[in-house]
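Participant: Provided herewith is a single structure, encoded as structure tokens, for subsequent inquiry.
The values are calculated or read from the model by the stated rules, or taken from the named source; none is laboratory data. Note that the structure is predicted; figures quoted are calculated from it, not measured. Cβ placement follows ideal geometry from the backbone for every residue including glycine, while neighbour counts extend to all protein chains displayed. All accessible areas refer to the heavy atoms of the entire protein, side chains included, with ligands and DNA or RNA removed. Shrake-Rupley method; radii C 1.70, N 1.55, O 1.52, S 1.80 Å.
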Amino acid sequence: MAAVLAGIGGFLPPRVVTNEDLSATLDTSDEWIRTRTGISERRFVSGGLSTGGLAVEAGARALRSARADAVDAVDAVVVATTSPERLCPAVAPEVASRLGLGQVAAFDLTSACSGFLYGLAASAGLIASGAADTVLFIGAEAFTTLVNQQDRSTAPIFGDGAGAVVLRRGEPDEPGALGPFDLGSDGSLADLLAVPAGGSRQRSADGGLGHGAVPTGDWYLRMEGRPLYQQAVEHMTRSAQSVLKHADWSVADVDWFVGHQANVRIVRAVAEELELPEERVAVNIDRVGNTLSASVPLLLNDIAARGDLRPGDRVLLSAFGAGLSWGSAVLVWPDVAAVPVS
Ligand code: UT7
């Protein structure tokens with residue numbers, strides 16, 4: 001028995017923010033952003049759209065892509081997000097209701113940029129445990145709302161969006177069967193990428209008297225790019241190697257490396273360490289930026305929709321992010337419909 005990918009969909013909010021747009025108010029340039037990160041433009045939520053709305057749109061598209069019998073069977077909704085709709089409650093129950101899925105099991109999980117890999121493993125676990133037969137799993141992020149748009153070291157990097165998959169109970173040897181997985185973390189380096197304020201630590205420290213003492217910057221992302229870059233390359237490479245070993249695949253077996261899009265230089269450095277040729281490395285960061293837990297499913301959807309990723313292709317997924325946390329998985333791509341995200 002295995003969790004099998006049976007549908008995929010993605011959604012990007014309509015507001016496009018180009019490097020030129022950012023350069024108008026920030027001390028940066030299109031040239032710096034493109035050469036250091038590979039990003040040309042990204043999307044920002046606007047007009048009241050937030051994580052829940054992004055999740056609903058991507059979820060609806062994944063359900064349309066899945067076979068009708070899989071849609072009828074959805075009995076759990078999982079949302080990976082690090083930009084929650086609100087601190088409490090989780091957004092997944094609301095997403096399930098808005099999609100008309102009824103009173104199904106629903107919860108959020110938080111694992112930043114590795115959220116899609118952790119969420120895939122958790123969703124597969126729901127199926128393995130018998131708690132669910134079919135899971136709608138969504139990575140959704142309005143993370144630009146947590147980024148100080150006056151901070152040039154973080155503002156150009158992140159974008160908003162959502163990607164979703166439908167997973168159903170199936171057989172380990174059929175296309176779309178997920179796994180093995182490799183997951184890991186290092187909490188000793190949590191401060192390399194963090195939004196310090198807003199949670200219990202800060203509320204407890206100020207005695208619940210208010211937020212006056214909290215420096216404004218603490219409400220926004222703090223990131224130490226350089227050490228993160230090194231950690232990303234190291235852990236994505238090791239995790240990918242470990243999962244390939246467990247799957248008994250060689251690097252030559254991999255048709256597509258679909259890695260988290262944090263920086264095109266990170267993705268290329270990992271591919272180089274793995275000795276994967278460039279033509280097997282999927283990239284869409286130029287158009288979307290770093291969308292955290294939405295990054296991997298948006299990229300899968302993109303390359304499937306344009307016909308580059310075909311049924312039978314062997315796919316290596318790998319992601320790294322805040323926590324620190326990382327994860328990898330493999331699957332043989334199934335015959336699922338994918339629609340371009342505009
Ligand atoms: O999602 C997973 C977690 N996140 C990551 O994995 C992010 C990993 N890190 C990175 O992708 C890169 O470190 C960044 C893209 C964040 C930064 O690139 P970098 O090549 O490491 O640049 P840097 O921070 O070392 O800065 C180089 C220079 C500095 O100037 P000096 O000190 O050399 O004069 C910065 O002040 O670039 C300057 N700089 C900028 N210049 C123009 C930093 N940000 C900008 C900017 N525009 N936006």
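Participant: Evaluate segment 230-252: report whether one residue or more is in contact with a strand residue (DSSP E or B) (Cβ under 7 Å, 6 or more places away or on another chain) and among the charged types (D, E, K, R).
Facilitator: no
Participant: From R36, R42, R64, which residue is touching a helix residue (DSSP H, G or I) at 6+ places or on another chain (Cβ under 9 Å), within 16 Å of the ligand (Cβ to nearest atom), open to solvent by 10 Å² or more (accessible area, probe 1.4 Å) and farther than 13 Å from F137 by Cβ?
Facilitator: Being touching a helix residue (DSSP H, G or I) at 6+ places or on another chain (Cβ under 9 Å), within 16 Å of the ligand (Cβ to nearest atom), open to solvent by 10 Å² or more (accessible area, probe 1.4 Å) and farther than 13 Å from F137 by Cβ holds for just one of R36, R42, R64, which is R36.
Participant: For L221, all conditions in the list (1) over 18 Å from the mean Cα position of the chain (by Cα); (2) surrounded by 13 or more Cβ atoms within 10 Å (Cβ to Cβ); (3) at pLDDT 95 or above hold save one; what is the number of the exception?
Facilitator: In the conditions (1) over 18 Å from the mean Cα position of the chain (by Cα); (2) surrounded by 13 or more Cβ atoms within 10 Å (Cβ to Cβ); (3) at pLDDT 95 or above, L221 misses (1) alone.
Participant: For segment 1-20, give me each residue that is surrounded by 15 or more Cβ atoms within 10 Å (Cβ to Cβ) and either within 13 Å of the ligand (Cβ to nearest atom) or part of a helix (DSSP H, G or I) (or both).
Facilitator: Once the filter is applied, which keeps residues that are surrounded by 15 or more Cβ atoms within 10 Å (Cβ to Cβ) and either within 13 Å of the ligand (Cβ to nearest atom) or part of a helix (DSSP H, G or I) (or both), segment 1-20 yields only N19.
Participant: How many residues does segment 268-297 hold that are touching a Phe, Trp or Tyr at 6+ places or on another chain (Cβ under 9 Å), touching a residue at least 40 places away in the same chain (Cβ under 8 Å) and within 14 Å of the ligand (Cβ to nearest atom)?
Facilitator: The total comes to 9.
Participant: Could you check how many residues of segment 223-257 are more than 9 Å from the ligand (Cβ to nearest atom) and either over 26 Å from G159 (Cβ atoms) or in contact (Cβ under 8 Å) with a residue 60 or more places away in the chain (or both)?
Facilitator: The qualifying residues number 22.
Participant: Tally the residues that are more than 16 Å from the ligand (Cβ to nearest atom) and in a strand (DSSP E or B), restricting the search to segment 161-180. Break it down stepwise before answering.
Facilitator: As a first pass, look at segment 161-180 and keep what is more than 16 Å from the ligand (Cβ to nearest atom): 162, 164-180.
From what is left, the residues that are in a strand (DSSP E or B) are 162, 164-170, 177.
Within segment 161-180, residues that are more than 16 Å from the ligand (Cβ to nearest atom) and in a strand (DSSP E or B) number 9.
Participant: Oh, and also: Inspect all residues belonging to segment 301-315 and state whether any of them is at negative phi, within 15 Å of the ligand (Cβ to nearest atom), of a type outside the set (G, A, S) and modelled with pLDDT of 95 or more.
Facilitator: Applying the first criterion (at negative phi) to segment 301-315 yields 301-306, 308-311, 313-315.
When the remaining residues are screened for being within 15 Å of the ligand (Cβ to nearest atom), the result is none.
Within segment 301-315, not a single residue is at negative phi, within 15 Å of the ligand (Cβ to nearest atom), of a type outside the set (G, A, S) and modelled with pLDDT of 95 or more.
Participant: Please list, ordered by first then second residue, the pairs with beta carbon atoms under 6 Å, 6 or more apart or interchain, first in segment 83-112 and under 20 Å from G48 (Cβ atoms) and among the polar types (S, T, N, Q), second within 16 Å of the ligand (Cβ to nearest atom) and in a loop (DSSP other than H, G, I, E, B).
Facilitator: Sorted first by the residue in segment 83-112, then by its partner, the pairs are S83/A142.
Participant: If you take the residues in segment 94-114 that are open to solvent by 60 Å² or more (accessible area, probe 1.4 Å) and more than 14 Å from the chain's Cα centre (by Cα), which one is farthest from the ligand (Cβ to nearest atom)?
Facilitator: Residue satisfying both the conditions and the ranking: Q103.
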